[in-house]
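Report on the structure given below.
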Amino acid sequence: MVQDRQLSILKEKITTRNLLRAGKLAVTFLILIYIFNTFRNEQKGVADIGRVLAGILTGTHLPIFGAMLLLVPVNWSLESLKWQLLASKIVRISFTDALKGTLTGLAVGVAAPAQLGDTIGRIAALKSPDRMQALGAAIVSNGIQFYASVCFGTIAWFNLRHTLGLHAITARLIALLLILILLVGVLVATFRTRIVTWQPKMDLLKKIQTYLSIAGRYSGSELGIAFGLGLCRYFVFVFQFVLALTLFDFPVPVMELISCVALIFLSKTVIPAVNVLGDLGLREFTALVVFSQYQLPAEELIAATFLVWIVNVLGPIITGLVLIWKNKWKYIGQDQ
């Protein structure tokens, strides 16, 4: 009887290990497909983009390239600090573990729609049987970054809306939508403590309340610090993009350049991630629309966008892919 039970447990462990290995293989395959498709999609103008990028690889531009590269660890360190702060309500994690979870989430994020993959990757990297409770922390973290992008994207929208050639009614509707999102964000932050005392009757809502209740446990100062880190990370994103654009000496005033970049990030934030263009394709398309008023060379705009993606996304994704195989995954909810 005892031997049968031990054999059953051993078989269960082997099955679990094989399933997790299969999951890693599937995620790895999807990540590699994503990277391959991204480069393949660029082949439509790869000759022009390659020529443009080769033309800016000069000694005079080395300081700008150096600054862009130095900002990569700053960017992901800020996100990791934010994740460490928010997840600490459930699990005490070091900065190193928070960084690993952030990069793992980034890698898994390209294999799943919206923020689902990012959330799964972060939670799976936590070493605690209670890590599923950190789902709410991941939602809050993504929500803060979303709100930071909408805040400054709204400012950029009102600064450039008259230059985009949109119909007046369309422009007003977009403005109303952005203002509504900002107001909803304020209301959610103000009444977040109500989530803790909320007593839903449906089982599904009870489950959701269990995971989201963590949002009501953050103090105002904790959310303020997290939002500050989110803002700093947003500014790093914008600065990197602006640096990439300055490589091409576009005749655009700096403030307008910043506003255009903020609009590009706004579109990436607000438009659902499930789209036929993909993340990079959406940025390129928006960049062409936003900068159309300046009649800038399309291949240079695409090259700048592609450069930002290579520097700030491709490297961290590959690092996250390595971490996926290095870390021992367990089923979410499984004891450590």
For ILE318, the lone unmet condition from (1) modelled with pLDDT of 85 or more; (2) surrounded by fewer than 22 Cβ atoms within 10 Å (Cβ to Cβ); (3) over 19 Å from the mean Cα position of the chain (by Cα); (4) of a type in the set (Val, Ile, Thr) is (3)
Check off (1) surrounded by 20 or more Cβ atoms within 10 Å (Cβ to Cβ); (2) of a type in the set (D, E, K, R); (3) more than 30 Å from GLN209 (Cβ to Cβ) for ARG122 and give me the number that stays unchecked. (3)
Complete set of residues in the stretch 199-228 that are exposed (fewer than 14 other Cβ atoms within 10 Å of the Cβ) and not polar (S, T, N, Q): PRO200, LYS201, MET202, ASP203, LEU204, LEU205, LYS206, LYS207, GLY220, GLY224
Assess whether ARG192 counts as being within 20 Å of ASN142 (Cβ to Cβ), surrounded by 18 or more Cβ atoms within 10 Å (Cβ to Cβ) and charged (D, E, K, R). yes
If you scan the stretch 162-176, which residues turn out to be surrounded by 14 or more Cβ atoms within 10 Å (Cβ to Cβ) and either in contact with a Leu (Cβ under 6 Å, 6 or more places away or on another chain) or assigned to a helix (DSSP H, G or I) (or both)? THR163, ALA171, ILE174, ALA175
Enumeration of residues in the stretch 58-69 that are loosely packed, with under 11 Cβ neighbours inside 10 Å and either under 19 Å from LYS100 (Cα atoms) or hydrophobic (A, V, I, L, M, F, W, C) (or both): LEU62
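The values are calculated or read from the model by the stated rules, or taken from the named source; none is laboratory data. What you see is a predicted model; the values in this text were computed from it and never measured. No Cβ is skipped: glycine too gets one built from the backbone with ideal geometry, and neighbour counts run over all protein chains shown.
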